[in-house]
């Protein structure tokens with residue numbers, strides 16, 4: 001349910017319907033600010049709202065981006081008047097051929113590769129930037145190994161902000177280029193991602209005008225993932241799917257998709273029909289899946305070893321909330337091998353013409369496994385979230401695919417190569 | 001103006017408002033068919049229409065893809081009920097920071113990197129596929145060196161069609177992978193692009209159920225580019241821009257953008273205000289720019305030598321029509337060096353957070369040159385077409401950009417590297 005707002009907290013910032021930050025553990029509330037941990041219990045803070053009357057027709061008449069849902073996000077009403085990358089409203093594709101391959105009667109793919117830097121990170125960064133502007137920050141920053149780096153550097157460039165993006169110096173050259181091109185302060189750190197992450201927390205404390213999107217403005221940033229739920233429901237004709245499969249890295253996205261669906265029901269924008277949320281992980285980094293299968297609430301950290309690097313968070317901050325969500329909704333968490341991930345990428349490409357990054361392969365392969373093990377209902381309306389683009393993880397498929405044949409330049413050779 | 005349809009020709013196929021194919025040279029008309037050259041004079045054939053009453057509100061209530069304009073395209077009314085990649089309705093970004101850098105008061109960027117395979121080719125291929133289906137074809141095919149290969153392979157996969165994609169065997173591995181992943185018949189040909197193109201024409205003649213999108217169904221395919229014009233006008237609030245800069249490869253896109261603007265005026269969907277169309281080429285493949293500057297109607301073929309490979313057509317089929325269009329509208333054709341292309345890519349990324357392929361660099365750099373030489377009016381509303389994605393041409397920038405610094409994992413080192 002929507003968190004209730006204490007009368008004591010007032011909105012000192014213009015962040016639309018957002019009214020306070022509320023601790024997910026102890027419920028303690030503080031006024032809107034650049035805080036991410038509860039001062040009472042160190043639990044994670046989440047945005048609490050007082051929504052006005054939100055109508056379908058106002059949303060439908062709004063911008064063709066996530067800002068059509070601005071009255072459900074911690075952003076000012078005039079958010080679209082500030083320069084931003086205008087992400088969202090990506091395709092929801094009815095995936096009959098993939099559905100037939102998986103044995104799911106009615107299947108949709110939410111294809112977030114159409115975003116400005118080709119991943120869902122454009123959504124969360126756009127919300128973080130909008131909130132950071134109101135909170136008085138001047139620099140947009142993050143630690144990242146890929147998609148987030150792209151999204152932060154691009155959003156800052158578009159807005160005319162400085163950016164500071166920290167990456168491990170060992171990062172693949174393609175990911176460095178796709179961030180460096182935006183000309184922000186891209187800093188390569190001699191260390192692994194954990195080192196980079198620690199450094200970000202330290203720098204956030206030292207530089208009060210630096211908004212590290214996934215650190216000190218994380219409560220606002222995370223809310224951007226709700227827009228995936230809003231769009232799925234609107235694109236289905238204002239109804240909730242019966243099942244949704246979401247990749248799990250920190251776990252934030254899965255919990256926010258659930259939050260988005262619940263809000264739509266509470267606000268009367270959709271009928272509050274039951275839905276089941278499923279989490280997808282790569283076996284080489286599956287702490288949440290492991291905990292789910294063990295029937296425990298405790299997510300034990302792991303050392304990631306998987307090609308699905310955008311999901312390779314060994315100590316997922318929202319892991320316990322993922323477990324809560326899937327258990328409450330009757331879903332599950334499942335994991336798949338790197339071999340299955342590659343097959344998932346290829347299956348999606350072959351059947352629907354969508355080339356996903358490794359995280360998308362995890363989602364497709366997990367859906368397949370969930371059907372085969374009887375966990376996913378083949379007769380329920382089902383949505384798969386494809387959150388990033390295959391162009392960024394070409395290495396995953398590079399050794400598996402290529403031309404069917406190499407031929408001399410004559411028609412007979414082509415015909416023969418095709419077995420015609 | 002819209003080509004008048006002879007009473008003799010009747011629509012044997014369900015292709016919406018399309019009524020005939022009309023020769024652009026002699027005006028001879030034939031019934032709708034899979035033909036591309038005039039039987040009388042060998043001139044190129046173009047689709048002629050009889051449009052019904054098309055209203056803004058019907059378009060606005062339509063699909064969030066190019067199919068909102070289905071009543072202006074050679075496709076059946078129920079086109080969106082067949083599986084397709086649903087391209088279009090990409091961002092039109094108000095580009096104030098780029099505008100300031102170029103000295104253009106009101107500038108917009110049409111960002112077609114958001115399409116399903118990240119180039120405008122998804123538009124033309126979607127229209128080609130829809131028409132090919134009606135014309136009785138069973139296989140989708142093309143010769144290509146990149147963007148078109150991606151788009152054809154993806155669209156065929158989504159539709160459940162076989163595809164045959166011919167590429168030069170020397171193509172970069174990344175472009176091979178981004179086509180091969182869709183699992184069609186990708187054939188590498190030992191030869192250059194001219195060899196591959198000739199082979200396509202030969203195969204199109206031999207295999208009557210193969211639709212080579214840019215050969216035997218080219219008249220339909222080419223119409224897809226009109227949707228760029230429709231979207232620009234709708235996204236500007238149903239009005240035409242004063243100026244538009246379009247990259248020139250075969251020249252087809254530029255002429256179709258002009259055709260789209262004219263149709264909107266003729267149908268009363270916008271006021272038929274004057275607009276000027278500008279063409280952009282790389283100096284290393286600038287046959288149309290050369291002819292424009294020489295004041296001639298004759299486009300002499302060149303051997304391409306430029307990093308802008310998606311524009312590297314040395315003998316552009318629609319070159320003379322580009323000259324007609326820019327001269328009629330008061331525009332121009334200009335060209336820029338590869339060095340300027342890279343600077344154009346970087347300028348667009350730095351100011352607007354949009355990472356374009358080399359063709360986009362050509363467009364931005366050409367716009368800059370057109371302003372500097374007084375050819376582009378800095379006070380007129382101006383649109384730049386960005387038709388493909390930088391992720392596909394990383395090599396163009398690989399040697400120029402990178403991290404600002406490589407530092408050890410401590411905060412002081414970061415602060416020092418940033419000069420703070």
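The values are calculated or read from the model by the stated rules, or taken from the named source; none is laboratory data. Bear in mind the structure is a predicted one, so any value in this text is a computation, not a measurement. Methodologically, a virtual Cβ is constructed for each residue, glycine included, from the backbone with ideal geometry; neighbour enumeration extends over all protein chains shown.
Please pick out the residue among B:149, B:126 that is touching a residue at least 40 places away in the same chain (Cβ under 8 Å), more than 10 Å from chain A (Cβ to nearest Cβ) and either at positive phi or touching a helix residue (DSSP H, G or I) at 6+ places or on another chain (Cβ under 7 Å) (or both).
Only one candidate qualifies: B:126.
Condition check: closer than 25 Å to residue A:113 by Cβ, within 14 Å of chain A (Cβ to nearest Cβ) and touching a helix residue (DSSP H, G or I) at 6+ places or on another chain (Cβ under 8 Å). Does residue B:59 satisfy that?
Spelling it out, it is not the case that residue B:59 is closer than 25 Å to residue A:113 by Cβ, within 14 Å of chain A (Cβ to nearest Cβ) and touching a helix residue (DSSP H, G or I) at 6+ places or on another chain (Cβ under 8 Å).
Quick one: would you say residue A:376 is surrounded by 24 or more Cβ atoms within 10 Å (Cβ to Cβ), under 15 Å from the mean Cα position of the chain (by Cα) and closer than 17 Å to residue A:242 by Cβ?
no
Identify, from the list A:177, A:203, the residue that is in contact (Cβ under 8 Å) with a residue 40 or more places away in the chain, more than 29 Å from residue A:271 (Cβ to Cβ) and at the interface with chain B (Cβ under 9 Å from one of its Cβ atoms).
Exactly one residue qualifies, and that residue is A:203.
Just checking, how many residues over region B:219-249 are in a helix (DSSP H, G or I) and buried (at least 22 other Cβ atoms within 10 Å of the Cβ)?
Within region B:219-249, residues that are in a helix (DSSP H, G or I) and buried (at least 22 other Cβ atoms within 10 Å of the Cβ) number 13.
With a cut-off of at least 2 residues that are closer than 18 Å to residue A:154 by Cβ and within 7 Å of chain A (Cβ to nearest Cβ), name the helices (runs of 4 or more DSSP H) lying wholly within region B:315-420.
Here the list reads B:338-352.
For region B:287-305, which positions are surrounded by 22 or more Cβ atoms within 10 Å (Cβ to Cβ) and either under 17 Å from the mean Cα position of the chain (by Cα) or modelled with pLDDT under 95 (or both)?
B:288
As an exercise: evaluate residue A:312 against (1) assigned by TED's automatic domain parsing to the domain that holds residue A:103; (2) at pLDDT 95 or above and give the number of the one condition it does not meet.
The number of the failed condition is (2).
For region A:174-195, which positions are modelled with pLDDT of 95 or more and in contact with a strand residue (DSSP E or B) (Cβ under 6 Å, 6 or more places away or on another chain)?
A:179, A:180, A:184, A:185, A:186, A:187, A:188, A:189, listed by residue number.
Of all residues in region A:206-218, which are at the interface with chain B (Cβ under 10 Å from one of its Cβ atoms) and buried (at least 19 other Cβ atoms within 10 Å of the Cβ)?
Within region A:206-218, A:207 is the sole residue that qualifies.
For region A:152-160, check the following and say yes or no: at least one residue is free of Cβ contacts under 8 Å to residues at least 60 places away in the same chain and either more than 8 Å from every other protein chain (Cβ to nearest Cβ) or within 14 Å of the chain's Cα centre (by Cα) (or both).
Checked region A:152-160: no residue is free of Cβ contacts under 8 Å to residues at least 60 places away in the same chain and either more than 8 Å from every other protein chain (Cβ to nearest Cβ) or within 14 Å of the chain's Cα centre (by Cα) (or both).
Could you tell me whether any residue of region A:399-406 is within 30 Å of residue A:105 (Cβ to Cβ) and surrounded by 16 or more Cβ atoms within 10 Å (Cβ to Cβ)?
Scanning region A:399-406 turns up at least one residue that is within 30 Å of residue A:105 (Cβ to Cβ) and surrounded by 16 or more Cβ atoms within 10 Å (Cβ to Cβ).
Considering only region B:288-314, how many residues are over 16 Å from residue B:363 (Cα atoms) and in a helix (DSSP H, G or I)?
Residues meeting the conditions: 5.
Limited to region A:71-103, what total is found for residues that are over 22 Å from residue A:385 (Cβ atoms), part of a helix (DSSP H, G or I) and either touching a helix residue (DSSP H, G or I) at 6+ places or on another chain (Cβ under 8 Å) or more than 11 Å from chain B (Cβ to nearest Cβ) (or both)?
3
Filter region B:180-196 down to the residues that are at the interface with chain A (Cβ under 7 Å from one of its Cβ atoms) and not in a helix (DSSP H, G or I) and list them by number.
B:181, B:182, B:183, B:185, B:186, B:187, B:188, B:189, B:190, B:191
Those residues that are crowded, with 24+ Cβ neighbours inside 10 Å and more than 8 Å from every other protein chain (Cβ to nearest Cβ), I need them from region B:164-174; list them, please.
If the condition is that a residue be crowded, with 24+ Cβ neighbours inside 10 Å and more than 8 Å from every other protein chain (Cβ to nearest Cβ), then B:165 is the only one that fits.
Yes/no per residue for (1) over 26 Å from residue B:340 (Cβ atoms); (2) assigned by TED's automatic domain parsing to the domain that holds residue B:349; (3) in contact (Cβ under 8 Å) with a residue 40 or more places away in the chain; (4) within 20 Å of the chain's Cα centre (by Cα):
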| residue | (1), (2), (3), (4) |
| --- | --- |
| B:34 | yes, no, yes, no |
| B:39 | yes, no, no, no |
| B:46 | yes, no, yes, yes |
| B:53 | yes, no, no, no |
| B:56 | yes, no, yes, no |
| B:59 | yes, no, yes, no |
| B:73 | yes, no, yes, yes |
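I'd like to know if region B:75-85 contains one or more residues that are touching a strand residue (DSSP E or B) at 6+ places or on another chain (Cβ under 7 Å) and either closer than 12 Å to residue B:228 by Cβ or modelled with pLDDT of 95 or more (or both).
Within region B:75-85 (the criterion being touching a strand residue (DSSP E or B) at 6+ places or on another chain (Cβ under 7 Å) and either closer than 12 Å to residue B:228 by Cβ or modelled with pLDDT of 95 or more (or both)), the answer is no, since none of the residues qualifies.
Considering region B:386-396 alone, what residues qualify as being out of contact with any helix residue (DSSP H, G or I) (no Cβ under 6 Å at 6 or more places or on another chain) and modelled with pLDDT of 95 or more?
B:390
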